Amino acid sequence: MKTSNSTKDSRTKNRPEIRMWMQSIANPKERQELLRNLEISAEFEMRYRGLFTYYGKDLITYKLQKPSDKNRNEFLRILSKFMTDCLEDNCPASWLQCQPSFWEEFIFMFFPHSMKVTAEEKQVEAFLLQLKKFVRWLDKNKGTSWSPVVKDLIVAATPELKDCEHLLNSLFLLDYPLLFHPDWDPEQDFERMNQEFAQCADRSNSIFEVTSKIENTVVLTDIDTHCTYYVKGLPYQLIEPGIIMSGIIGRKRDEFVWKWYQTDGIYPQIGKNYM
């Protein structure tokens with residue numbers, strides 16, 4: 001079968017672009033250094049491409065100052081993932097060329113996306129402290145002046161991120177009450193949730209903005225379709241209009257209200273700008 005040129009062009013345009021990086025190694029010393037950096041960066045899960053960038057080298061240098069610091073390691077894991085996965089090829093060419101929006105997106109959107117459920121609920125405090133230390137290090141060693149900007153963002157972000165962390169934990173504990181109990185059986189809880197979710201005739205997996213509350217009902221609006229959903233069963237006392245909730249909701253046949261079934265992330269209102 002013959003294929004027209006226009007069809008070929010269309011297929012070419014629709015193909016995903018694949019980028020590759022090649023690094024020549026001049027001598028055994030360079031090879032040894034690359035292997036060493038690879039081993040170090042693996043401790044905070046940085047992708048290989050980061051090894052050949054300015055930020056990858058800086059993150060490795062910064063880690064080596066306190067190689068066993070768990071909080072620093074976790075911070076570098078989040079930051080390196082932001083640089084290599086979220087920004088991809090739109091990454092700034094240097095720390096000097098970052099914009100305030102770079103730090104705003106990192107703090108208000110990407111960190112909440114990376115937040116984990118913990119019994120202590122101390123992730124926000126640890127992350128923001130590490131961010132402050134890292135930016136101070138950048139200013140001293142790379143000639144930047146980001147500390148005042150990031151300091152103001154941290155002041156604004158602290159109460160909002162703490163609210164998001166508390167809501168995130170509360171949502172998981174609502175569905176999995178024994179989450180932090182040594183006898184918790186995750187498979188049993190997951191199976192129970194799956195069976196209940198399977199009874200839903202309508203489902204939606206999206207990012208929602210809390211637009212209002214009516215007594216114990218939370219009103220969510222899909223930020224893409226602008227469809228409105230009335231959801232019951234949420235810890236409504238912890239939810240305020242403006243909060244962004246990513247997850248899955250479902251509704252059984254002939255029912256008006258929806259139920260929240262899965263949480264993917266909780267974000268402050270400003271995080272919406274980067275979604």
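Bear in mind that the values in this text are calculations on the coordinates, not laboratory data. The shown structure was predicted, so the numbers you read here are calculated from the model rather than taken from an experiment. Note that each Cβ is placed from the backbone with ideal geometry, even for glycine, and that neighbours are counted across all protein chains shown.
Summary table
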{"item": "Protection-proxy order for peptides 229-241, 174-186, each taking the mean of Cβ atoms within 10 Å per residue, highest first", "result": "229-241, 174-186"}
{"item": "Percent of beta bridges antiparallel (DSSP, the chain, rounded to nearest 5)", "result": "95 percent"}
{"item": "Simple Cβ-charge dipole of the stretch 163-233, Lys/Arg +1 and Asp/Glu -1, about Cα centre, in debye nearest 20", "result": "280 debye"}
{"item": "The stretch 27-172: translational diffusion in µm²/s, Stokes-Einstein, Kirkwood Rh over Cα pairs, 4 °C, 1.567 mPa s", "result": "81 µm²/s"}
{"item": "Relative counts (whole %) of C-alpha pair distances in the stretch 180-274, using bins that are 10 Å wide", "result": "15, 45, 30, 10, 0"}
{"item": "Burial ranking of peptide ranges 201-207, 154-160 (average Cβ count within 10 Å, highest at the top)", "result": "154-160, 201-207"}
{"item": "Charge-dipole axis of the stretch 180-274 as Lys and Arg at +1 and Asp and Glu at -1 on Cβ define it, positive-most pick from Tyr229, Ile249, Tyr267", "result": "Tyr229"}
{"item": "Whichever lysines have a C-alpha closer than 22 Å to that of Lys142, once near sequence neighbours (fewer than 8 apart) are set aside", "result": "Lys57, Lys63, Lys66, Lys81, Lys132, Lys133, Lys151"}
{"item": "Proximal aspartates and glutamates to Lys213, defined as alpha-carbon separation beneath 14 angstrom and excluding residues fewer than eight positions away on the same chain", "result": "Glu240"}
{"item": "Label of the coordinate-derived value, Kirkwood radius over Cα pairs in Å, listed as [x] 20.4; [y] 21.6; [z] 18.9", "result": "[y]"}
{"item": "Calculated from backbone phi, Karplus (6.51, -1.76, 1.60) coupling profile of the stretch 186-201 in Hz, x at Gly/Pro", "result": "x, 4, 5, 5, 5, 5, 4, 5, 5, 5, 5, 5, 5, 7, 6, 7"}
{"item": "Selection from Leu34, Leu153, Ser212, by position along the positive dipole direction of the chain (Cβ)", "result": "Leu34"}
{"item": "Shape call, the stretch 155-219: gyration tensor on alpha carbons, a/c limit 1.5", "result": "oblate"}
{"item": "Relative contact order for the stretch 180-274, counting Cα pairs under 8 Å that sit 6 or more residues apart, in percent", "result": "26 percent"}
